[in-house]
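K.L.:
For reference, the structure I am asking about is given below.
The values are calculated or read from the model by the stated rules, or taken from the named source; none is laboratory data. Given the structure is predicted, the values throughout are model-derived calculations rather than measurements. Don't worry about glycine lacking a Cβ; one is built from the backbone with ideal geometry, like all the others, and counts go over all protein chains shown. We work out accessible area using only protein heavy atoms, side chains counted, and drop any ligands, DNA or RNA first. Shrake-Rupley method; radii C 1.70, N 1.55, O 1.52, S 1.80 Å.
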Amino acid sequence: MTDNEFNRISEQYIDIVYRSAINICKNKSDAEDAVQNTFLKLLKSDIDFENEDHIRRWLIRVAVNECKNIWKSPWNKKISSFEELEKEPVYIENEKSELFAEVMSLPQKYSIVLHLYYYEDYSVREISRILGISETNVQTRLMRARKKLKVQLKEAWNDEQI
């Protein structure tokens with residue numbers, strides 16, 4: 001991979017990779033580490049990408065794996081973070097921030113599929129490939145996530161009415 005090609009890819013996809021990583025890691029420093037490791041793997045790889053979509057899927061898949069590796073490390077099991085998660089990334093509009101906060105509060109297996117489906121516009125098939133789970137599992141997680149989100153939003157709405 002040439003320097004120019006790497007620079008183009010990293011500039012084009014860094015936001016997508018970061019958003020996916022922060023969705024999984026739930027803290028800024030771990031997400032930044034995962035992004036850095038993802039782009040280091042890209043730099044060292046000799047993969048011939050078929051198209052832009054292949055690059056995007058590959059980067060997100062690697063980022064997901066890097067996040068999982070960070071969470072599995074013994075270091076993470078013995079420390080606690082002093083930073084709070086930035087609940088509202090720059091790309092979220094003010095009126096959608098409450099919804100994003102509710103999505104982020106869901107368990108990881110639900111929030112990541114919602115994030116990829118609604119915020120990154122991936123299809124069920126693409127999410128299946130990215131996360132390494134079956135399409136049926138993706139559909140089930142989306143359905144359960146929507147139900148949980150509906151309950152949470154209804155509770156929040158009822159609290160505001162009081």
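K.L.:
For the list (1) open to solvent by 80 Å² or more (accessible area, probe 1.4 Å); (2) at pLDDT below 90, I need the number of the one condition that K41 fails.
P.N.:
(2)
K.L.:
Going through K77, K72 one at a time, which residue ends up being among the basic types (K, R), at pLDDT 55 or above and either out of contact with any His (no Cβ under 9 Å at 6 or more places or on another chain) or closer than 18 Å to H115 by Cβ (or both)?
P.N.:
Just one listed residue meets the conditions, K72.
K.L.:
Go through (1) under 30 Å from E102 (Cα atoms); (2) modelled with pLDDT of 90 or more and name the single condition C25 misses.
P.N.:
Checking C25 against (1) under 30 Å from E102 (Cα atoms); (2) modelled with pLDDT of 90 or more, the one that fails is (2).
K.L.:
Please enumerate the residues belonging to segment 26-76 that are in contact (Cβ under 8 Å) with a residue 40 or more places away in the chain, touching a Leu at 6+ places or on another chain (Cβ under 9 Å) and assigned to a helix (DSSP H, G or I).
P.N.:
Passing the criteria: K28, L42, I55, L59, I60, R61, V64.
K.L.:
Something else about it: With the checklist (1) under 19 Å from L116 (Cα atoms); (2) open to solvent by 20 Å² or more (accessible area, probe 1.4 Å); (3) at pLDDT 80 or above in hand, flag the one item P89 doesn't pass.
P.N.:
The one condition P89 does not meet is (3).
K.L.:
Now for a different question. Scanning segment 1-25 for residues that are open to solvent by less than 80 Å² (accessible area, probe 1.4 Å) and in contact (Cβ under 8 Å) with a residue 60 or more places away in the chain, which turns out nearest to the chain's Cα centre (by Cα)?
P.N.:
By that ranking, first place goes to S20.
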